[in-house]
Amino acid sequence: APASRPPLTDEQPRETSVVVRIRPLLAEEQEAGIFPVTAVSGASVTLLEPRFTVKKRPAVNKHTFRADHVLPGGADVRTDTPPMGVTDEALYDCCARSLTELAMRGGVSTLFAFGQTGSGKTYTISHIQRQLATDNEATASAVCIEMFMSIFELCGDSANDLLNEHRPVQILEDVVGDIQVTGLREERLASVAQCQALFDEAAKFRRTASTERNASSSRSHAVARIRMENRAVSEAEPGLLTLIDLAGSERHQDSQHHDAARLAETRLVNASLMTLKDCMRHRALALGGNGAAGKGSGYVHIPFRRSRLTTLLKETFDLEARRPCRTCVIACVSPGVHDIAHSLNTLRYVAPIRVVRPANAARPPVDRRDPSTWSHKQFAKWLKATSHDCVSVDKLAPNQETGLQMVRLPEAEFMRRCLQCNGISEKKAKDLYVSFW
């Protein structure tokens, strides 16, 4: 049986968290006399921008950004030595462990790595992938989870399978609004070695090109999707963990020597990145910034159909989605003074994503059609009427959970609690979950 977990509270982590990872200066940068301009204090990072005043006097502009976590680097990212104080396990614990646990319980988890080309995105994602493979082999078998992985890349409006000789795949929305990826090879994960081999195979086919900043810059978004089926509760929807290594962002100055095809490619990459930011920001605003299921004030449009990437992630952004979702954005930053414009751009990109609900924010009014506004007593009343007293509230909400806490409960966990009641089948548990939403 799954290990017991602490009860949910109204102060759960926000749906979207932001982690800043600062790579160390490379050896060649140090030899060239490039100096760092980043300063870290707790969960804040400050960029010190040298400039001259109108009177030609030297000055420094300070730009401070707050994140959920800041991970400073201390070793060359091109070696096998982990950054000082940030081992693979620590990186995974900070960014991905809670996402994996949610996906195992039937939720939808997404992790992005964003930053300029050469800032360490692919390095960061690859180390998270390596730790994910190691950590999940024993965990998955202990909680009766089967994992299936597919890896593909998105470049503009095209998508190609990185595990099947770069064959094209289609990302389509079906008649009921679900997103389907057709023509994609999916592998059942059986061991750490096999999982790592699949990641390595995909990396060989990924599209790269030389840029002003990086000799082998990733020019596509690489998407690894891990579907997690719960064998103990077969009626529950599989959980989904998506790891995305975004294409490196480029400014106009970096692309001025590109040909027409490369310029068009850069425009598509930058457009998809802006759409992604808009979707994450708008969802956070709509939910009040605290991951609650209650709507914020006014209507908020989430433009997920503007790009293939955000269309693929529709369930992550959909306000009506019935599964709990959680997202982590890793902003990868170069510490050098020569990259300060890029670093500022990266931090300004992720800053609006981190929406913090005011401490004195009022709770939404009770709405009988919106379970997230219910008290425990109101949830118990609904449960008694809907289940015809067949499901005990003491089994389904043993810690006096409110409606908001029950909304955050993944489907597999909701059904597992229902199945503790006599005479309840998986189908009845599934029907009760659907009616709750």
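A short reminder: the numbers here are calculations on the coordinates, not readings from a lab. Since we're looking at a predicted model, the values are computed, not measured. Cβ placement follows ideal geometry from the backbone for every residue including glycine, while neighbour counts extend to all protein chains displayed.
Just subtract the alpha-carbon distance of residue 167 and residue 435 from 0.36 nm times their residue separation and send over the number in nm, one decimal.
On the way: separation 268, 0.36 × 268 = 96.48 nm, distance 4.02 nm.
Full-extension gain reported as 92.5 nm.
Can you compute the modelled spin-label distance between residue 306 and residue 40, with each label point 7 Å from Cα toward Cβ, in nm?
Those two pseudo-labels are separated by 3.2 nm.
What is the log10 of I(q)/I(0) for the range 371-436, computed with the Debye formula using one identical point scatterer on each Cα and no solvent, at q = 0.20, 0.26, 0.28 Å⁻¹?
-0.69, -1.26, -1.48
Expressed in nm to one decimal, what extension gain is obtained for the pair residue 426 and residue 158 from 0.36 nm per residue of sequence separation less their Cα-Cα distance? Intermediate results must be reported in sequence, preceding the final value.
Details: separation 268, 0.36 × 268 = 96.48 nm, distance 3.95 nm.
The span from residue 426 to residue 158 would gain 92.5 nm if fully extended.
Given H placed on each backbone N at 1.01 Å, which residues far from residue 328 in sequence or on other chains put an amide H within less than 5 Å of it?
Long-range HN contacts for residue 328: 17, 110, 111, 112.
If you place +1 on the Cβ of every Lys and Arg and -1 on the Cβ of every Asp and Glu, how big does the dipole about the Cα centre of the range 358-437 come out, in debye to the nearest 20? Can you show the working numbers first?
Numbers: 13 positive and 9 negative charges, 22 e Å.
Rounded to the nearest 20 debye, it is 100 debye.
At 0.36 nm per residue, minus the direct Cα-Cα distance, what do residue 64 and residue 234 gain on full extension? Give it in nm, one decimal, please.
Details: separation 170, 0.36 × 170 = 61.20 nm, distance 4.80 nm.
Extra length from residue 64 to residue 234 when fully extended: 56.4 nm.
In what sequence, highest mean first, do 17-26, 313-322 appear when ranked by Cβ atoms within 10 angstrom? Could you put the intermediate results ahead of the total?
On the way: 17-26: 23.6, 313-322: 17.3.
Going by the mean number of other Cβ atoms within 10 Å, highest first, we get 17-26, 313-322.
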